[in-house]
Amino acid sequence: MAKKVILSGSTATGDLTLGNYIGAINNWKSLQEEYDCLYFVADLHALTVAQDPKQLQERCKSFFAQYLALGLDPDKNTLFLQSHVPEHAELNWILTCLTPMGYLNRMTQFKDKSSQTKNINAGLFTYPVLMSADILLYQADVVPVGEDQKQHLELCRDIVNFYHNRYGEKTLKMPEPHIGKQGARIMSLQDPSKKMSKSDENEKNFVSIIDTPKKIQKKIKSAVTDSDTVIEFDPENKAGLSNLLTIYSVLSGKSTEELVNEYQGKMYGHVKVDLADLVCETLKPVQEKYHDLMKNEDYLLELMAKGAQKARVRAQNTLKAVYQDTGLVTL
Ligand code: TRP
């Protein structure tokens with residue numbers, strides 16, 4: 001039986017963080033053995049906010065290298081940059097013409113983002129339609145997403161229904177969300193009530209995958225905790241400490257209870273020092289591989305081209321069928 005298709009991506013904004021690693025990429029990695037996985041860098045989505053062209057280019061290469069360095073295997077998966085497969089933008093248009101404005105108006109991420117910026121461009125509004133194109137081009141069965149993208153996936157399912165009603169059901173597959181079993185949500189280091197976000201303007205809030213050990217030590221040492229001194233895992237009343245214990249638990253494989261026992265009678269500072277060492281140790285081989293890849297740009301571009309080639313063959317098949325369904329003249 002053919003393997004089920006998994007597709008996911010990360011928008012090329014900010015820095016990939018320890019939160020992305022623990023929450024998403026580790027999960028992607030565990031899926032690569034069992035499924036036919038496509039993972040991409042969403043560079044077109046990044047353009048919904050103003051980008052410095054040079055920086056964006058560097059960041060896209062860096063994200064791709066980090067995917068590889070974090071353990072996504074280019075032979076087992078299809079790894080690529082979204083803009084290298086022009087069919088994403090083409091299917092996006094067809095789907096845009098099927099999507100009611102009212103549905104897009106309800107998207108909470110659009111409401112949040114547009115309330116925070118003066119640059120409210122149409123791309124920000126139609127962002128979830130492009131996401132739907134990403135998913136539907138590859139007949140994805142399952143889409144691993146975080147909580148914040150669930151509504152977009154629901155919209156994608158609505159779009160598939162609109163499409164099925166108008167053009168029949170043979171071309172586009174209905175995707176299912178996949179919420180990772182690793183329930184760990186990694187929070188901001190300075191404000192543990194919000195998620196650790198890669199687009200956070202305050203870099204003290206997150207640990208980047210490619211931060212130097214010195215920076216990592218500093219950020220973890222200055223993480224906000226509370227004025228109590230007892231080591232307990234209590235996300236409600238000790239959100240900061242509990243966030244550190246969660247990270248510690250995921251990276252060490254020990255349960256939070258074990259850690260609490262281990263640190264009984266010690267100070268928060270001890271947890272921080274040991275955790276910082278563990279984070280540095282975990283990221284060391286990743287960073288070594290990352291720097292090697294970044295030094296070898298030809299090789300990196302070659303892997304991108306291979307991934308794009310694999311993805312394109314599949315995307316072209318779907319797009320052709322869509323054009324035929326739609327009544328466009330195909331040659
Ligand atoms: N919007 C996702 C993010 O915030 C990235 C993304 C783009 C995506 N297209 C997708 C995720 C398709 C899953 C499926 O990072």
Total residues in segment 27-39, condition modelled with pLDDT of 95 or more, of a type outside the set (A, V, I, L, M) and within 13 Å of the ligand (Cβ to nearest atom): 2
Strands (runs of 3 or more DSSP E) fully within segment 70-186 counting 1 or more residues that are exposed (fewer than 14 other Cβ atoms within 10 Å of the Cβ): 176-178
Any hit, segment 93-104, residues being within 15 Å of the ligand (Cβ to nearest atom) and under 27 Å from Lys61 (Cα atoms): no
Segment 116-170, subset of a type in the set (Asp, Glu) and at pLDDT below 95, residue nearest to Ser199 (Cα to Cα): Asp148
Residues of segment 187-223 satisfying the condition of being surrounded by fewer than 16 Cβ atoms within 10 Å (Cβ to Cβ) and β-branched (Val, Ile, Thr): Thr212
Residue count, segment 135-173 (criterion: more than 15 Å from the ligand (Cβ to nearest atom) and more than 18 Å from Arg106 (Cα to Cα)): 9
Restricting segment 234-263 to residues that are farther than 21 Å from Lys219 by Cβ and in a loop (DSSP other than H, G, I, E, B), the residue that is most open to solvent (accessible area, probe 1.4 Å): Glu236
Cross-chain or 6+ apart pairs with Cβ under 9 Å, segment 287-315 first and over 17 Å from Ser83 (Cβ atoms), then among the charged types (D, E, K, R) and not in a helix (DSSP H, G or I): Gln287/Asp211
Selection count where residues are of a type outside the set (A, V, I, L, M, F, W, C), touching a Phe, Trp or Tyr at 6+ places or on another chain (Cβ under 6 Å) and more than 18 Å from Ser188 (Cβ to Cβ), scope segment 221-257: 1
Condition met for Asp274 (in contact with a Gly (Cβ under 9 Å, 6 or more places away or on another chain), more than 28 Å from Ala12 (Cβ to Cβ) and of a type in the set (Asp, Glu)): no
Residue within segment 127-134 that is touching a residue at least 60 places away in the same chain (Cβ under 8 Å) and either under 25 Å from Ala184 (Cα atoms) or away from the ligand (no atom under 12 Å from the Cβ) (or both) present: yes
Count of residues meeting criterion [closer than 25 Å to Leu7 by Cα and open to solvent by 90 Å² or more (accessible area, probe 1.4 Å)] in segment 280-331: 8
Which listed residue, of Lys266, Lys306, is in a loop (DSSP other than H, G, I, E, B) and not β-branched (Val, Ile, Thr): Lys266
Members of segment 241-261 found to be under 23 Å from Pro213 (Cβ atoms) and touching a helix residue (DSSP H, G or I) at 6+ places or on another chain (Cβ under 9 Å), listed by number: Leu241, Leu244, Leu245, Thr246, Ile247, Tyr248, Ser249, Val250, Leu251, Ser252, Lys254, Leu259
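Conditions (1) part of a loop (DSSP other than H, G, I, E, B); (2) within 14 Å of the ligand (Cβ to nearest atom); (3) out of contact with any helix residue (DSSP H, G or I) (no Cβ under 7 Å at 6 or more places or on another chain); (4) open to solvent by 10 Å² or more (accessible area, probe 1.4 Å), marked per residue:
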| site | (1), (2), (3), (4) |
| --- | --- |
| Ala2 | yes, no, yes, yes |
| Ser10 | no, yes, no, yes |
| Val41 | no, yes, no, no |
| Gln51 | yes, no, yes, yes |
| Lys54 | no, no, yes, yes |
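The values are calculated or read from the model by the stated rules, or taken from the named source; none is laboratory data. Keep in mind it's a predicted model, so treat the numbers as computed, not measured. Backbone-built Cβ (ideal geometry, glycine too); neighbour counts: all protein chains shown. These area figures cover heavy atoms from the full protein model, side chains too; ligands, DNA and RNA do not enter into them. Shrake-Rupley method; radii C 1.70, N 1.55, O 1.52, S 1.80 Å.
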